[in-house]
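Colleague: The structure's right below; bear with me while I get my questions together.
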Amino acid sequence: MTLHRWRNFINAVMFGLTAACALAVVCVLFWILGFLLWNGGKSLNWAFFTQLPKPPGEMGGGMANAILGSAQIVCIASLMGIPIGFLGGIYLAEFGMGTFPFLVRYTADLLNGVPSIVMGLFAYAIVVRPMHQFSALAGGVALSVILIPTTIRTTEQFLRAVPQTLREGALALGANKWKAIATVVVPAAVRGVATGMILGIARIAGESAPLLFTSFGNQYWSRSLGQPTASLPVMIFTYAISPYDDWHREAWAAGLVLLAVMLLLNISARLVLSPGAPRN
Amino acid sequence: MSETAALLARGTEKPSRPAFLSRLRNGDEAAHLITLIFAAAILLIAVLLVLELFRTSVEARHKFGWAFLLTSKWDPVAGQFGALPFIYGTVVTSAVALLISVPLGLGAAIFLSELAPPRVSDALTFIIELLAAVPSVIYGLLAVFALVPLLRDPIQPFLQRYLGFLPLFQGPSYGVGFLAAGLILAIMVVPFIISISRESLLAVPNEQREAALAVGATRWESTWQVVVPYARLGIIGSVFLALARALGETMAVTMVIGNTPQIVTSLFATGYTIPAVIANEFTEATGDLHLSALIELGLVLFLLTIIINGFARLMVLATTRRGSTNP
């Protein structure tokens, strides 16, 4: 074989290998989807959405309390995290020059990489300890601390993508800066900003590690936000590692529901709301 | 000249009170201040986080000092806490994860940026980003019910038969253990490696590729000897980001690691990691010392990921900036 043909051969082999790598990774998603649809589909029924969990050994039962609990915790986290992240993002994009904004940006990036279980420890220290009780509130605080850094950075990113000429146009018409921001810049970026928020909320909705010792868990309805509250991801964890077969089936059903919500939020945010938008 | 003097004079005038008030009423300063406060909230959170972790772990830090990191006896009943087995488990599972995910991720990133037509590349990238959004507890579910049985039966006995002379592949196959945790971690971090590496590769200026092809390189030679080295900082950065993820990953690992604090060479053995022990023991901690030892483990994990992340961010920043200044 001549050197020339050898080099072409290597070229083909190596690019073939890279294609195989890409294919393998993409197959993982379909493997996950297939497995969950097969196992979760078999055990998903209407009772799952409407009934409380049953003790092991009794047939039936559902995870209605965990679904509601997850919704509550995510709502609390969003109510705290979204305004802080959004306004902070406006600061970074519109007023942010110099050392202090750089510091904020870098801190946000670092916090973004902190393991979620550490955020759980943090929420335990500042909420659960003083209140002497696990609660939905503590879970919400833990998740909001995860949500804030992503929101602040995506908001900044999308506001920065608004052309400078739009700001100048508004200022030239006599608007002052905050009016230009509120009536021109933010509306121009609203789709992207909303996408970033939805992706952030989707991410925290699937978190379980920080909830283990903040919102804990509950086999019943929780009466208030100051009570231990069940959540879907934590239920999947406890049910999956339990030794009971009917609990495993419930875990599959819950996994399917969680994955469906997650994919729905992600796909709608990325495709419908802002096709071709940059990612967080 | 006189104009300049007038301007200077005006500049030195003190702003009168009504003017200041009207500026405030216009709202620009107020908006600046309000958004600044919210942005500063993130610094407050970071500072509080560090302070609280230090404050709540004080008992264990005082009692054990540096020996906490260097001893391997973890006995809550006797009040003995040494973190070494957990550190070992965390490092080993992350190393296995990187060994598998780095070649796989880099290969896929090269395919997506250099070879695939743009539409195919975009579609595949979209799927890979969905993978990054799958919650870790779902990966754990799959690991427990799909990966572990596979490892227990065909894979581990196979490895033992052909590679059993290595100390890594010895002992009984339970399925759960370092290998299972490393494999599921590899699957979980690969999307991060791909999306950041792909971006760094796409940021390489086209002239670099064209120059290599013009002197007679094949496409692969241009990619491997010119494009990849040019993007190397971004790629290394992506590997470090993936490492930080792998170190801190909790749920999936907790479900398949086997929960045994021990230091053994075999990857078939069961082990324990820092996040896993926090997840398992925190709500059932036997006392304040146990709690503060667990929080100190959290502090170790926090510092480790902060250092790795800080390093990685700087690298990614360096490449994307260089890419954007040479369009």
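The values are calculated or read from the model by the stated rules, or taken from the named source; none is laboratory data. In this text, all values refer to a predicted model and were calculated from it rather than measured experimentally. Note that each Cβ is placed from the backbone with ideal geometry, even for glycine, and that neighbours are counted across all protein chains shown. Heavy atoms of the whole protein, side chains included, go into the accessibility calculation; ligands, DNA and RNA do not. Shrake-Rupley method; radii C 1.70, N 1.55, O 1.52, S 1.80 Å.
Colleague: Quick one: go through segment B:285-309 and flag any residue whose amide nitrogen is under 18 Å from the point 7 Å out along the Cα-to-Cβ line of B:His62.
Modeller: Residues passing the 18 Å test: B:287-297.
Colleague: Between B:Leu70 and B:Phe158, what is 0.36 nm times their sequence separation minus the Cα-Cα distance? Round to one decimal in nm.
Modeller: 28.1 nm
Colleague: A follow-up question, please. Evaluate the distance, in nm, between pseudo-label points positioned 7 Å from the Cα of B:Ile263 and of A:Trp38 along their respective Cα→Cβ axes.
Modeller: With each label point 7 Å from Cα toward Cβ, the separation is 4.2 nm.
Colleague: Here's something else I'd like to know. Given labels modelled 7 Å from the Cα in the Cβ direction, how far is it in nm from B:Leu202 to B:Gln225?
Modeller: Simple spin-label model gives 2.8 nm for this pair.
Colleague: Moving to a separate point now. State whether chain A is rounded, prolate or oblate according to the following rule on the C-alpha gyration tensor (a ≥ b ≥ c being the square roots of its eigenvalues): a/c under 1.5 gives rounded; otherwise a/b larger than b/c gives prolate, and the remaining case gives oblate.
Modeller: Oblate.
Colleague: Roughly speaking, to the nearest percent, how much of segment A:50-273's 1.4 Å accessible area is carbon and sulfur?
Modeller: 69
Colleague: Compute the helix-to-body angle for B:232-248: its Cα long axis versus the longest principal axis of chain B, expressed 0 to 90° and rounded to tens.
Modeller: It is inclined by approximately 60 degrees.
Colleague: If the reach is capped at under 14 angstrom between alpha carbons, list the aspartates and glutamates near A:Lys54, excluding any in the same chain fewer than eight residues apart.
Modeller: A:Asp245, A:Asp246, A:Glu250
Colleague: Could you tell me how many degrees, from 0 to 90 and to the nearest 10, lie between the Cα long axis of helix B:2-12 and the main elongation axis, the longest principal axis, of the Cα atoms of chain B?
Modeller: 50
Colleague: Buried by at least 30 Å² relative to the chain on its own: which residues of segment B:217-233 qualify, computing accessible area with a 1.4 Å probe on protein heavy atoms?
Modeller: When all protein chains are present, B:Thr218, B:Trp220, B:Glu221 each give up 30 Å² or more of accessible surface.
Colleague: Keeping all protein chains in place, calculate the accessible area per residue for chain A (probe 1.4 angstrom), answer in Å².
Modeller: 43
Colleague: OK, next. Please compute how much accessible surface disappears when B pairs with A, both sides summed, using a 1.4 Å probe, and round it to the nearest 100 Å².
Modeller: Using a 1.4 Å probe, the pair buries roughly 7300 Å².
Colleague: With a 1.4 Å probe and every protein chain left in place, work out the accessible area per residue of segment B:44-99 in Å², rounded to a whole number.
Modeller: Accessible area per residue, segment B:44-99: 51 Å².
Colleague: Quick one: grab the alpha carbon gyration tensor of segment A:2-93, order the square roots of its eigenvalues as a ≥ b ≥ c, and give me rounded if a/c is under 1.5, else prolate or oblate depending on whether a/b is larger than b/c.
Modeller: Since a/c reaches 1.5 but b/c is at least a/b, the shape of segment A:2-93 is classed as oblate.
Colleague: A further question on this structure: With labels modelled as points extended 7 Å from the Cα through the Cβ direction, what inter-label distance (nm, one decimal) is found for A:Val13 paired with A:Leu103?
Modeller: Going from the A:Val13 label point to the A:Leu103 one covers 5.6 nm.
Colleague: Using a Gaussian network model on chain A with a 10 Å cutoff between Cα atoms, which of A:Leu258, A:Leu111, A:Leu33 fluctuates the most?
Modeller: Top of the fluctuation ranking is A:Leu33.
Colleague: Considering protein heavy atoms only and a 1.4 Å probe radius, which residues within segment A:1-45 exhibit an accessible-area decrease of no less than 50 Å² in the full assembly relative to the chain by itself?
Modeller: The answer is A:Arg7, A:Phe15, A:Thr18, A:Cys21, A:Ala22, A:Val25, A:Val26, A:Leu29, A:Trp31, A:Ile32 - residues whose exposure falls by at least 50 Å² when every protein chain is included.
Colleague: What order, most packed first, do the peptides A:49-56, B:195-202 have when packing is the mean number of other Cβ atoms within 10 Å of each residue?
Modeller: B:195-202, A:49-56
Colleague: Enter the mean number of other protein chain beta carbons within 10 Å of the beta carbon of each residue in B:300-307, as an integer.
Modeller: The mean count of partner-chain Cβ atoms within 10 Å per residue comes to 3.
Colleague: Follow-up question, since we're still on this one. Calculate for chain B the 222 nm mean residue ellipticity that helices alone would give, adding -39,500 (n - 2.57) per DSSP H run of length 4 or more and normalising by residue count, nearest 500 deg cm²/dmol.
Modeller: One gets -22500 deg cm²/dmol as the mean residue ellipticity at 222 nm.
Colleague: Apply the Karplus curve 6.51 cos²θ - 1.76 cosθ + 1.60, θ = phi - 60°, to the phi angles in segment B:51-56 and return the couplings in whole Hz, x for Gly and Pro.
Modeller: Going residue by residue, I get 4, 5, 4, 5, 5, 7 Hz, with x marking Gly and Pro.
Colleague: Taking the mean number of other Cβ atoms within 10 Å as a proxy for protection, how do you rank B:156-167, B:114-125 from highest to lowest?
Modeller: Per-residue mean Cβ counts within 10 Å order the peptides as B:114-125, B:156-167.
Colleague: OK, next. Taking A:Lys179 as the anchor, which aspartates and glutamates have their alpha carbon closer than 17 Å to its alpha carbon, excluding any fewer than eight residues away along the same chain?
Modeller: A:Glu94, A:Glu168, B:Asp28, B:Glu29
Colleague: Please compute the net charge surrounding A:Val104, taking Lys and Arg as +1 and Asp and Glu as -1 over other residues with Cβ under 12 Å from its Cβ.
Modeller: 0
Colleague: For the protein assembly as shown, what does the alpha-carbon gyration tensor say about shape, rounded, prolate or oblate, given a ≥ b ≥ c as the root eigenvalues, a/c under 1.5 as rounded, and a/b over b/c as prolate?
Modeller: Oblate is the answer for the protein assembly as shown, as a/c is 1.5 or above yet b/c matches or exceeds a/b.
Colleague: Considering protein heavy atoms only and a 1.4 Å probe radius, which residues within segment A:202-223 exhibit an accessible-area decrease of no less than 10 Å² in the full assembly relative to the chain by itself?
Modeller: A:Arg203, A:Gly206, A:Ser208, A:Ala209, A:Leu212, A:Phe213, A:Phe216
Colleague: Is there a simple number for the mean count of other chain Cβ atoms within 10 Å of the Cβ of residues in A:122-128, and what is it?
Modeller: Per residue, the average neighbour count from other chains is 5.
Colleague: On a 0 to 90° scale, report how tilted helix B:178-202 is relative to the longest principal axis of chain B, with both axes built from alpha carbons and the result rounded to the nearest 10.
Modeller: Once rounded, one gets 30 degrees.
Colleague: Shifting gears a bit: Taking amide hydrogens as modeled 1.01 Å from N in the peptide plane, which residues meet the under 5 Å criterion relative to B:Phe81, leaving out close sequence neighbours?
Modeller: Residues meeting the criterion, in which the H sits 1.01 Å from N, are B:Asp75.
Colleague: Then there is this: If we sort A:129-140, B:180-191 on the protection proxy, mean other Cβ atoms within 10 Å, highest first, what's the order?
Modeller: Per-residue Cβ counts within 10 Å, averaged per peptide and sorted highest first, yield B:180-191, A:129-140.
Colleague: Excluding residues on the same chain fewer than 8 positions from B:Lys63, give the lysines whose Cα lies under 17 Å from its Cα.
Modeller: Straight-line reach from B:Lys63, under 17 Å: B:Lys73.
Colleague: Over the Cα atoms of chain B, each weighted equally, I'd like the Debye log10 I(q)/I(0) at q = 0.06 Å⁻¹, rounded to two decimals.
Modeller: With one equal scatterer per Cα and no solvent, log10 I(q)/I(0) is -0.34.
Colleague: Roughly how crowded by other chains is peptide B:113-124, in terms of the mean Cβ count from those chains within 10 Å of each of its Cβ atoms?
Modeller: 2
Colleague: Show me the helices of chain A, taken as full DSSP H stretches, that run 18 Å or more along their long axis by Cα and average 1.0 or above in Kyte-Doolittle hydropathy.
Modeller: Passing helices, by number: A:3-43, A:64-90, A:186-205.
Colleague: Considering the dipole of chain A built from charges on the beta carbon (Lys and Arg +1, Asp and Glu -1) around the Cα centre, which of A:Ala182, A:Gly206, A:Ala77 is farthest to its positive end?
Modeller: A:Ala182
Colleague: Let me ask another. Most mobile of B:Phe282, B:Phe38, B:Phe268 per a Gaussian network model of chain B (Cα springs, under 10 Å)?
Modeller: Greatest mean-square fluctuation among the candidates belongs to B:Phe38.
Colleague: Another one. Which of B:Pro205, B:Pro154, B:Pro261 moves the most in a Gaussian network model of chain B with Cα springs under 10 Å?
Modeller: For chain B, modelled as a Gaussian network with Cα springs under 10 Å, the answer is B:Pro154.
Colleague: Here is a further query. Round to the nearest 0.05 the FRET efficiency obtained for A:Thr50 and A:Ile267 when R0 = 22 Å and r is the Cβ-Cβ distance.
Modeller: The calculated FRET efficiency here is 0.25.
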